[in-house]
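So the structure is just underneath, and the comments pick up after that.
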Amino acid sequence: MKGFQKEGKHLFNQDGGIFMGAKRLIQNSKIGLFGVPYDGTTSFRPGARFGPSAIRETSNGLETYCPQLDLDLNDINFTDFGSLDIPFGDPEPVIKLVKNATKKLLDLNIKPLILGGEHSITSGSVAAVAENYHDLILVQLDAHADLRNDWLGSNYNHACTMTKCLEILPSKKLFQLGIRSGTRKEFERIQEEKSLIIHEKDKPATNLDKALNPFLGKPIYLTIDLDWFDPSLLPGTGTPEPGGYFWNDFAAILNVLKKHQIVAGDIVELAPQLDQTGISSILAAKVTRSILMLLNLSIKNN
Ligand code: MN
Ligand code: MN
């Protein structure tokens, strides 16, 4: 363990803030988060590199107690490892770093939660988690399908991240929620994969509940692209997409997911400077608090 503290120091930059209630050292924690301040393939409005620091800073303004899940962060032992030092330029080396860091946490029996950064980083963490859990399934909240084969000359672009994940995922099981933007080809792919879960606003998350029911007890990787939310609620993101969802929709999803085994996840695409009110960051921090609690529940359920 001591070796990791040393190595961890080398791997993670701990200069910035720390998420509310977290520890810097491992000390028996079973959950760990780290930041990936990268937005190198963002084509429209960059700024997701500032996501991890904004989430950490804003987290201190939240309550530690979640009435919905009846859990308190102060009762959860988790580590904030800091953020990866990111090389400028291409995504491949960044994705490799993310895979490496995720693997390090898994080797220590720590469930990883990654704060982005842009969505391209997910294929790195999913690759590491899928090596540990061969029956891993992927649940994606996003406005965008992210099923392009390549985009702007790279197949590691954030618009291709689910294509990459499907290549890696042995189960080939992907469930997509909230997708409302993409190319015709991507929507054809969605049909082929039968991956889209229609989220009905009058009875939210019942379709997700049905779709995930056969997978009770199976390991789930949860990837949350924050542009799933409506831009009126969360304008601080690089590619906002009208027609999105609200907190009550998210709360309904939490109620479904809390029965399941969430073994890892990420929260991506917060670009805090695009929202001068700061509310996007507060929302992202609250999403982070919720997912930390889901990870904790899945340890208890295990
Ligand atoms: Mn998106
Ligand atoms: Mn995305």
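The values are calculated or read from the model by the stated rules, or taken from the named source; none is laboratory data. All of these numbers come straight from a predicted model, not from anything done at the bench. Here the Cβ is made from the backbone with ideal geometry for all residues, glycine too, and neighbour counts use every protein chain on show. Heads up: the accessible areas ignore ligands, DNA and RNA and are worked out on the full protein's heavy atoms, side chains in. Shrake-Rupley method; radii C 1.70, N 1.55, O 1.52, S 1.80 Å.
What is the pair-distance distribution P(r) of the range 151-302, computed from all Cα-Cα distances in 5 Å bins starting at 0, with each bin given as a whole percent?
2, 8, 17, 21, 22, 18, 10, 3, 0
Using all C-alpha to C-alpha distances in the range 82-129, build P(r) with 10 Å bins and read off the rounded percent in each one.
Reading upward from the zero bin: 28, 60, 12, 0.
Go through GLU167, GLU186 and list them by solvent-accessible area, largest first, probe radius 1.4 Å.
On the way: GLU167 115, GLU186 5 Å².
Heavy-atom accessible area, descending, gives GLU167, GLU186.
With charges only on Cβ, +1 for K and R and -1 for D and E, what is the dipole size of the chain about its Cα centre, in debye, rounded to 20?
Working: 32 positive and 35 negative charges, 166 e Å.
Approximately 800 debye in magnitude.
Quick one: grab the alpha carbon gyration tensor of the range 145-223, order the square roots of its eigenvalues as a ≥ b ≥ c, and give me rounded if a/c is under 1.5, else prolate or oblate depending on whether a/b is larger than b/c. Before the final figure, lay out each step's value.
Numbers: a/c = 2.39, a/b = 1.46, b/c = 1.64.
Note, shape of the range 145-223 comes out oblate.
What is the spread of the Cα atoms of the range 193-256 along each of their three principal axes, largest first, in whole Å?
Rounded to whole Å, the extents work out to 35, 25, 22 Å.
Compute the distance from the alpha-carbon center of the range 99-127 to that of the range 236-302, in whole Å.
Answer, in whole Å: 17.
Considering the chain as a Gaussian network with a 10 Å cut-off on Cα pairs, which listed residue, LEU208, LEU106, LEU25, attains the greatest mean-square fluctuation?
LEU25
In nm, what is the difference between 0.36 nm times the number of residues separating GLU167 and HIS134 and their Cα-Cα distance?
10.6 nm
State the three equivalent ellipsoid semi-axes of the chain, derived from the C-alpha gyration tensor as the square roots of 5 times its eigenvalues, in descending order and whole Å. Please list the in-between numbers first.
Values: eigenvalues 126, 94, 81 Å².
Taking √(5λ) for each eigenvalue gives 25, 22, 20 Å, largest first.
At 1.4 Å probe size, with the rest of the protein present, what percent of the exposed accessible area of the range 151-295 is carbon and sulfur atoms? Numbers along the way, then the final one.
Values: 3060 of 5720 Å².
So the carbon and sulfur contribution to the accessible surface is 54 percent.
Are there any helices in the chain, counted as whole DSSP H runs, that stretch 18 Å or more along their axis by Cα and score at least 1.0 on average by Kyte-Doolittle, and if so which?
Working: long enough: 91-107 (24 Å, -0.23); 279-301 (33 Å, 1.02).
The answer, listed by residue number, is 279-301.
Can you tell which of PHE88, PHE19, PHE229 shows the greatest fluctuation in a Gaussian network model of the chain with Cα springs below 10 Å?
Of PHE88, PHE19, PHE229, the Gaussian network model singles out PHE88 as fluctuating most.
What does the accessible area per residue of the chain come to in Å², with a 1.4 Å probe and no ligands, DNA or RNA counted? Mind dumping the intermediate values first?
Working: 12540 Å² over 302 residues.
Each residue of the chain exposes 42 Å² on average to a 1.4 Å probe.
Magnitude of the Cβ-charge dipole of the range 179-218, K/R +1 and D/E -1, about the Cα centre, nearest 20 debye? Mind dumping the intermediate values first?
On the way: 9 positive and 7 negative charges, 10 e Å.
For this selection, approximately 40 debye.
For the chain, modelled as a GNM with alpha-carbon contacts under 10 angstrom, which of LYS173, LYS210, LYS96 fluctuates the most?
Of the options given, LYS210 has the highest mean-square fluctuation.
Using the scaling law 2.2 N^0.38 Å as the reference, what is the normalised Cα Rg of the range 63-173? Please list the in-between numbers first.
On the way: Rg = 15.5 Å, N = 111, 2.2 N^0.38 = 13.2 Å.
That ratio works out to 1.18.
Considering only C-alpha atoms, what is the centroid distance from the range 26-64 to the range 143-180, in Å?
So the two Cα centres are separated by 21 Å.
Which one of GLY124, ALA145, LEU222 has its Cα pushed farthest toward the positive end of the charge dipole of the range 105-262, where Lys and Arg give +1 and Asp and Glu give -1 at the Cβ?
Of the listed residues, the answer is LEU222.
Leaving out same-chain residues fewer than 8 places away, which lysines sit with a Cα under 24 Å from that of LYS300?
Once the sequence-local lysines are set aside, what remains near LYS300 is LYS23, LYS30, LYS103, LYS104, LYS111, LYS210, LYS218, LYS258, LYS259, LYS286.
Could you work out the equivalent-ellipsoid semi-axes for the range 239-302, taking the square root of 5 times each eigenvalue of the Cα gyration tensor, largest first, in whole Å?
On the way: eigenvalues 127, 35, 19 Å².
Each semi-axis is the square root of five times an eigenvalue, giving 25, 13, 10 Å.
Using amide H atoms built 1.01 Å from N in the peptide plane, name the residues 5+ places from ASN157, or on other chains, whose amide H lies under 5 Å from its own.
Sorted by chain and number, the residues that satisfy this are TRP151.
Beyond 27 Å, what share of the Cα-Cα pairs of the range 1-148 remains, rounded to the nearest whole percent? Present the calculation step by step, with values, prior to reporting the outcome.
On the way: 2461 of 10878 pairs.
Of all Cα-Cα pairs in the range 1-148, 23 percent lie more than 27 Å apart.
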